Amino acid sequence: MNIVKIDTKAPFRLSPNLFMQFAEPLGTADSSIDAAWDFLHEKWQDKAIEMVKKLNPPMIRWGGCFASYYHWKDAVGPQSGRKPMYNLCWDGVYLNQVGTAEIAELARMVQAEMLFCVNFESDGRKHWAYPKPGLDLCGTAQEAAEWVRYCNDPDDPLRKSHGFDQPFNVRYWQIGNETSYVPDGFSSKENAATAKRFVKELLKADPGIKLILWGDGSNEEWQGRFNEGKNSYWAEEVIEAAGDGADYIAFHNHWCQNSGYETLYGTNFRLDADATWQKLLEGTVDFENRIGYMRRSVEPYGKKLAMTEAHMIPLGKHRGDILSTWGAGAAYARCANVIQRNGDILDIATLADFMGNRWQNNAIMLPTPANSSCAYFLPAGTIMQWFSEKSGDHALAANCENSDVDIAVSRRDDRIFVHAVNLNRTQAQKLTFQIAGAEAVPVAIQEIKADILDEITVITPELFTPQEVKPNADGSYTLPGAGVAVLEFKTAE
């Protein structure tokens, strides 16, 4: 029997934005935004909105690589006047039917905060800034500042001419997206110097906004630097250049995609369940180390982190068939616990790519055509929706004597929430609890129990829905092998 000891004194407050969603038009790679949009009636698809409301994201981020060649003015005003654009990263043409006002409407419908990524001089990538003669897709600091005014200035004439008297009040703005991931973009010093100029212009447009600056380094070198005890010089340089203008430092966290994870590629994961499980858990360690690397890079400066993209992406069909399995779901659950345990410095985070009709690292899978079948949560979406709903606003310290059980604990008012993940694929773990000032018997338990190779599809959309269970007669709880559970306790206060 394993004892979980919980300290009811909260060490830090948790941000409400730890399970935000990231929206980006993905062209021919995944219909994403277009699959959620009703072009005939110029509104969001009903099924998409229904699922987004269930997901209940605290924040919606608009941008990504797409932002590096995006002119926001092409996607505002009457639909008939929108200017189509080349989707250079994801191929195809984007019609810009969804732009600033439509994202603001989606955020209003689901009561989510907004985060917009500006065109950061195409992140220094000339092939995106000037893809062919006569086509200029480079975004300036002045253009970004005009977007801030369009969204936030109560008297902005352009927005008012488009029929929106009230501002959209976009408080969070990201400057730079994956700027460090390719060698033909800005260098770290160019990133820092350009960010400083953008910070000045954006704060001039609205001094009350929160700015997120790119501080990640090369995808190929972070692990080596982490193991050598080094920090991200990208983070250090941009913080020193921007000073107080840097509220958050952005980084992305993509795991299981590099050499060593071939077990998870394609359909290889079906060949050996034990090997697959071990590689999934190794991936969660990489995920945790990436956060640790960025954490120690910004801590000396007193800055917060924004993990504005994160997902598992092993090679395979639509970013990997394994992403539809319960094994991925359990791994995502451990990653969600890692996020919470780092909530003292990590303020914005995600684990998926929101919604679409193809990619299996989305939170929501949409049907195409829209009325052909149902929408459903992929495992990453299930974990984010569940853990977000059943979570507190203050982290609690906790310890489990068994290293096979991964625990994160939080508190809201008189409720304590325990998120438990069994890292042992086959052996169940019997848990008892010690909580100062609280009854140590859970008042509610939800769990997901499944084989790690079970896959969710449109035929079984409820396969990974959490189920209500009861504690054992002695007040303990038995966590199934590879199982995930959320337990609630009631305090005496």
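Structure data summary
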item	result
Entirely in the range 380-450, the strands (runs of 3 or more DSSP E) that have 1 or more residues that are of a type in the set (S, T, N, Q), out of contact with any helix residue (DSSP H, G or I) (no Cβ under 9 Å at 6 or more places or on another chain) and under 13 Å from ALA485 (Cβ atoms)	429-435
Single condition ASN2 does not satisfy, out of (1) at pLDDT 95 or above; (2) surrounded by 15 or more Cβ atoms within 10 Å (Cβ to Cβ)	(1)
Any hit, the range 270-287, residues being among the hydroxyl-bearing types (Ser, Thr, Tyr) and at pLDDT below 95	no
Residue identified as in a loop (DSSP other than H, G, I, E, B) and surrounded by fewer than 24 Cβ atoms within 10 Å (Cβ to Cβ) among PRO367, PRO300, PRO314	PRO367
Residues (touching a Cys at 6+ places or on another chain (Cβ under 7 Å) and touching a residue at least 60 places away in the same chain (Cβ under 8 Å)) located in the range 134-172	PHE168, VAL170
Total residues in the range 55-73, condition in contact with a helix residue (DSSP H, G or I) (Cβ under 8 Å, 6 or more places away or on another chain) and among the hydrophobic types (A, V, I, L, M, F, W, C)	4
Residues of the range 139-148 satisfying the condition of being surrounded by fewer than 19 Cβ atoms within 10 Å (Cβ to Cβ) and either closer than 18 Å to ASP91 by Cβ or not hydroxyl-bearing (Ser, Thr, Tyr) (or both)	GLN142, GLU143, GLU146
Evaluation of GLN142 against (1) in contact with a Ser or Thr (Cβ under 8 Å, 6 or more places away or on another chain); (2) not in a loop (DSSP other than H, G, I, E, B) (one fails), failing number	(1)
Subset of the range 48-62 [crowded, with 20+ Cβ neighbours inside 10 Å and either under 16 Å from PRO461 (Cβ atoms) or of a type in the set (Gly, Ala, Ser) (or both)]	ALA48, MET51, VAL52, LEU55
Conditions (1) surrounded by fewer than 17 Cβ atoms within 10 Å (Cβ to Cβ); (2) over 14 Å from PRO25 (Cβ atoms): number failed by PRO84	(2)
Which listed residue is assigned by TED's automatic domain parsing to the domain that holds ILE448, more than 13 Å from the chain's Cα centre (by Cα), of a type in the set (A, V, I, L, M) and closer than 26 Å to THR325 by Cα, from ALA408, ALA370, ALA375	ALA408
Any chance ALA145 is touching a helix residue (DSSP H, G or I) at 6+ places or on another chain (Cβ under 6 Å) and among the small types (Gly, Ala, Ser)	yes
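Here's the yes/no breakdown for (1) assigned by TED's automatic domain parsing to the domain that holds THR28; (2) farther than 30 Å from PHE186 by Cβ; (3) modelled with pLDDT of 95 or more; (4) not in a loop (DSSP other than H, G, I, E, B):
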{"site": "ARG61", "(1), (2), (3), (4)": "yes, no, yes, yes"}
{"site": "PHE66", "(1), (2), (3), (4)": "yes, no, yes, yes"}
{"site": "ASP74", "(1), (2), (3), (4)": "yes, no, yes, yes"}
{"site": "GLY77", "(1), (2), (3), (4)": "yes, yes, yes, no"}
{"site": "ASN96", "(1), (2), (3), (4)": "yes, no, yes, no"}
{"site": "ALA101", "(1), (2), (3), (4)": "yes, yes, yes, yes"}
{"site": "ALA104", "(1), (2), (3), (4)": "yes, no, yes, yes"}
{"site": "CYS117", "(1), (2), (3), (4)": "yes, no, yes, yes"}
{"site": "TRP128", "(1), (2), (3), (4)": "yes, no, yes, yes"}
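The values are calculated or read from the model by the stated rules, or taken from the named source; none is laboratory data. The shown structure was predicted, so the numbers you read here are calculated from the model rather than taken from an experiment. Positions of Cβ are generated from backbone atoms using ideal geometry, with glycine treated the same way; all protein chains shown enter the neighbour counts.
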